[in-house]
1. Please specify each residue of the stretch 165-193 satisfying the condition of being within 26 Å of Ala20 (Cβ to Cβ) and open to solvent by 60 Å² or more (accessible area, probe 1.4 Å).
2. Looking only at the stretch 123-150, which residues are open to solvent by 10 Å² or more (accessible area, probe 1.4 Å), modelled with pLDDT of 95 or more and not in a loop (DSSP other than H, G, I, E, B)?
3. Can you say whether Lys156 is open to solvent by less than 10 Å² (accessible area, probe 1.4 Å), not polar (S, T, N, Q) and not in a loop (DSSP other than H, G, I, E, B), as far as the supplied structure shows?
4. Return the total of residues in the stretch 29-59 being open to solvent by 30 Å² or more (accessible area, probe 1.4 Å) and in a strand (DSSP E or B).
5. Can you confirm whether Val100 is over 20 Å from Val137 (Cα atoms) and surrounded by 22 or more Cβ atoms within 10 Å (Cβ to Cβ)?
6. Cβ-Cβ under 6 Å, sequence separation 6+ or interchain: first residue in the stretch 203-215 and over 17 Å from Gln191 (Cα atoms), partner not acidic (Asp, Glu). Which pairs?
7. Being touching a Gly at 6+ places or on another chain (Cβ under 6 Å) and either under 20 Å from Gln130 (Cα atoms) or open to solvent by 10 Å² or more (accessible area, probe 1.4 Å) (or both) is the filter here, so list the residues in the stretch 11-24 that pass it.
8. I need every pair where a residue in the stretch 265-281 that is at negative phi has its Cβ under 6 Å from the Cβ of a residue that is modelled with pLDDT of 90 or more and in a helix (DSSP H, G or I), sequence separation at least 6 or different chains.
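The values are calculated or read from the model by the stated rules, or taken from the named source; none is laboratory data. Keep in mind it's a predicted model, so treat the numbers as computed, not measured. Quick reminder, even Gly has a Cβ in these numbers, built from the backbone with ideal geometry, and neighbours come from all protein chains shown. In case anyone asks, the SASA skips ligands and DNA or RNA and just uses the protein heavy atoms, side chains included. Shrake-Rupley method; radii C 1.70, N 1.55, O 1.52, S 1.80 Å.
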Amino acid sequence: MSSLNGQVVLVTGAARGIGAETSKLLVRKGARVVLVDRDEAPLREVADQLGDANALAFSADVTELASMEEAVEAGLDRFGRLDVVLANAGIASYGSVLAVDPEMFKRVIDVNINGVFNTVRAALPHVIEQRGYVLIVASAASFAAAAGMAPYDATKAGVEHFASALRIELGYRGVAVGSAHMSWIDTPLVQDAKQDLSAFQQMVEGLPGPLGKTTSVDACAKAFVQGIEQRKAHVYVPRWVGVLRWLKPVLTSPFGERLAAQDVPTVLPQMDEEVARLGRSTSARNVSDGADEESRAPSATTAS
C-alpha cells in the first residue's frame with residue numbers, strides 16, 4: 001500500500017499538464033486531491049474524472065493569498081485534513097530583457113514567486129499539523145541562466161532558495177520540503193512556445209544530447225509522485241538533471257557563459273522579432289488563463 005493512501009494533497013496548476021496528470025496518479029495511489037487553477041472549465045473536467053469522493057476543484061488565483069486561503073479551507077471542509085502541498089502553478093514570458101513586456105515580467109514574478117509563497121503560507125499550518133510534505137516546482141533553469149529567460153530564471157532560482165530555506169525552517173517540526181527540477185516536459189507551455197516561436201523550437205532541437213530531448217508529462221508525474229511518497233529533498237526529471245546541480249559552478253563560470261552565448265547573436269534577435277509579430281510576450285493560453293502548469297517553461301528565447 002502506498003504511503004499516500006488516505007492523505008490529502010493540494011495541487012496548484014491542476015487544470016492540465018503536469019498538475020492534472022500528477023493529481024490523477026495521486027488518486028490512483030489512494031490520495032485525495034484539492035485541485036486549484038484559474039482555468040475553471042478544464043479544472044472541473046479533471047475533478048469529474050476523479051470523482052467527488054477523491055477530488056475537489058477550486059478556482060483560485062495563486063497570486064492572491066486570500067484566494068488560496070479559501071481553497072485550503074474548502075479542502076479542509078471536504079476532506080478534513082491537508083498533508084501535502086504541490087506548488088506547481090507557473091508561467092513564462094516571451095522576449096529578451098529589452099523586448100519583454102514589463103507587465104508580463106511582473107506577472108511572471110507574481111505567479112512564480114508570490115504564488116508559491118501564497119500557496120505554502122495558506123496551507124502550512126495544516127501541513128505542520130500532519131507533519132507532512134511540501135514540493136515546490138522549480139526547474140533545471142534554477143542551475144544556470146540563459147539568454148531570453150531572465151524572468152523565468154530569476155523566479156526558478158528564487159523558489160529553489162525558498163524551498164531550501166523552508167526545509168531548514170520546518171525540519172524540526174517534522175515537515176519535509178522538496179524542490180522539483182525539470183528539463184523540457186511535453187506540456188501545453190512548451191507546445192505553445194514551439195508553435196509560437198520557430199526560433200524556440202530550433203534552439204531546443206539544437207541542444208546537444210539529452211539537453212534537447214523532451215520528457216513526457218506522464219513520466220514527470222510519476223517522478224513527482226515518487227518524490228512525494230519518499231519525501232525527497234530534490235526531484236529531477238529526467239534524472240540526469242541532477243548532474244546540472246553539481247555542475248552549477250561550471251555552468252555559471254565565464255567558460256559556461258561563453259558556451260551558452262554562442263548562438264545568442266542570431267537566435268535572440270530572431271526570437272524577439274517573432275515576439276514582436278505575435279504582439280504578446282507569452283502564450284495565448286497564458287493571456288486568457290493566467291497561471292498554467294509548470295515545465296521547463298519557455299521564456300522568449302527558450303524553456304522547468
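1. Passing the criteria: Asp186, Gln191.
2. Leu124, Pro125, His126, Ile128, Glu129
3. Answer is yes for this residue.
4. Final tally of qualifying residues: 3.
5. yes
6. That search, which allows pairs on different chains as well, returns Pro210/Trp240.
7. Val11
8. Sorted first by the residue in the stretch 265-281, then by its partner, the pairs are Ser281/Met104.
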